[in-house]
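See structure below.
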Amino acid sequence: MFASPSQIICTVFGVNIYFYGVILALAILAGTFVSEYIGTKYWELNKETIIDLAPYLIISGIIGARLYYCLLNYDFYLRFPTEILAIRHGGISIHGAILGGLIGLYIFAKKHKMSFLKLADVSSVGLVFAQAIGRWGNFFNSEAFGYPTELPWKLYIAPQYRPVPYQGCEYFHPTFLYESILDLIIFGILLLIRRKIINKDGNLALIYLILYSVARIIVEKCRIDSVLYLQGIPIAIIISVIIIFVSGILLLIRNLPRKER
């Protein structure tokens with residue numbers, strides 16, 4: 001059994017420093033470092049390329065992640081619009097981050113006349129590693145947990161963070177931990193198959209999208225804090241299924257053997 005110690009690390013000049021924000025920053029730095037390392041080692045990119053790309057991905061990814069989350073929780077943010085900028089309180093979406101990051105990646109690739117697909121491959125490996133770290137921000141925020149459980153690795157949730165139907169329950173599935181572990185597994189798979197097996201730019205990014213979407217569906221089925229449902233199904237699962245379908249079709253089409261003329 002384990003429990004979050006606190007949301008706040010310390011207070012500096014009257015400003016609270018949150019674990020969530022610090023972990024998010026560490027995740028971004030770690031993801032950038034991983035992308036830089038594998039980009040230079042396996043994709044023969046210049047070190048400066050990833051460093052220059054990073055601000056595009058970070059800014060567009062954070063904006064996309066926050067806007068997507070706010071749209072899913074529009075009723076709350078319409079009542080408290082100032083909270084839209086309070087990202088340190090938590091509330092970002094990986095689907096929004098991926099979409100925003102792709103936009104930033106496309107802009108960078110066009111501006112510097114580089115391969116969008118190659119940069120997408122490199123970025124996907126760093127992204128999933130960053131996700132594995134970033135999920136621990138949910139731990140300190142006492143969020144993104146699952147149904148009640150009494151398993152040895154159960155997570156204690158304080159009463160103020162428990163959903164109304166579960167006020168009488170103390171321990172829950174640490175779904176943030178499940179996703180973090182699955183992200184590390186995906187990271188290992190991507191490293192194993194990288195350029196030695198996947199020899200066409202863009203394939204690795206598509207495989208990442210498929211693997212992560214499968215992992216998200218597994219984890220989402222255990223969570224009790226989905227913010228939006230469609231016909232009783234969490235919107236995150238619906239989006240993940242769409243991503244799997246589209247990415248799978250693209251992967252198949254791109255790798256069909258070409259007929260010789």
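In summary, the convex hull built on the alpha carbon positions of region 1-82 has an orientation-averaged projected area of 9.1 nm².
Of LYS113/LYS221; LYS41/LYS113; LYS47/LYS200, which sit over 32 Å apart, Cα to Cα? Mind showing how you got there, number by number?
On the way: LYS113/LYS221 41 Å; LYS41/LYS113 21 Å; LYS47/LYS200 21 Å.
The answer is LYS113/LYS221.
Per DSSP H run of n ≥ 4, the term is -39500 (n - 2.57); total these for the chain, divide by its residue number, and report the mean residue ellipticity at 222 nm rounded to 500 deg cm²/dmol. One gets -20500 deg cm²/dmol as the mean residue ellipticity at 222 nm. When only C-alpha pairs under 8 Å and at least 6 residues apart count, what is the relative contact order of the chain, in percent? Once normalised by length, the contact order is 20 percent.
Taking every alpha-carbon pair under 8 Å whose residues sit at least 6 apart, region 1-48 reaches a relative contact order of 18 percent. The Cα trace of region 122-209 gives Rg and Dmax of 16.9, 53 Å, the first to one decimal, the second as a whole number.
Evaluated at q = 0.26 Å⁻¹, the base-10 log of the normalised Debye intensity for region 106-172, with identical point scatterers placed on the Cα atoms, takes the values -1.08.
Ranked by accessible surface with a 1.4 Å probe, highest first, in what order do TRP153, TRP43 come?
Numbers: TRP153 115, TRP43 15 Å².
Descending order: TRP153, TRP43.
Rounded to whole Å, the principal axis extents of the Cα atoms in region 108-261 read 69, 32, 32, largest first.
Which value, to two decimals, describes the C-alpha radius of gyration of the chain once divided by 2.2 N^0.38 Å? If you can, show how the numbers build up before the last one.
Values: Rg = 19.3 Å, N = 261, 2.2 N^0.38 = 18.2 Å.
This ratio for the chain stands at 1.06.
Of the options PHE176, ILE233, ILE210, report the single residue whose Cα projects farthest towards the positive end of the charge dipole of region 155-261 (beta-carbon charges: Lys, Arg +1; Asp, Glu -1). The residue sitting most towards the positive pole is ILE210.
Among the DSSP helices (H) of the chain, those spanning at least 27 angstrom by Cα along their long axis with an average Kyte-Doolittle hydropathy of -0.5 or more are 19-42, 47-72, 175-197, 235-254; this is a geometric and hydropathy rule only.
The values are calculated or read from the model by the stated rules, or taken from the named source; none is laboratory data. For clarity, every value in this text was computed on a predicted model and none was experimentally measured. Methodologically, a virtual Cβ is constructed for each residue, glycine included, from the backbone with ideal geometry; neighbour enumeration extends over all protein chains shown. For the accessible areas, the whole protein counts, side chains as well, though only heavy atoms, and no ligand, DNA or RNA atoms are used. Shrake-Rupley method; radii C 1.70, N 1.55, O 1.52, S 1.80 Å.
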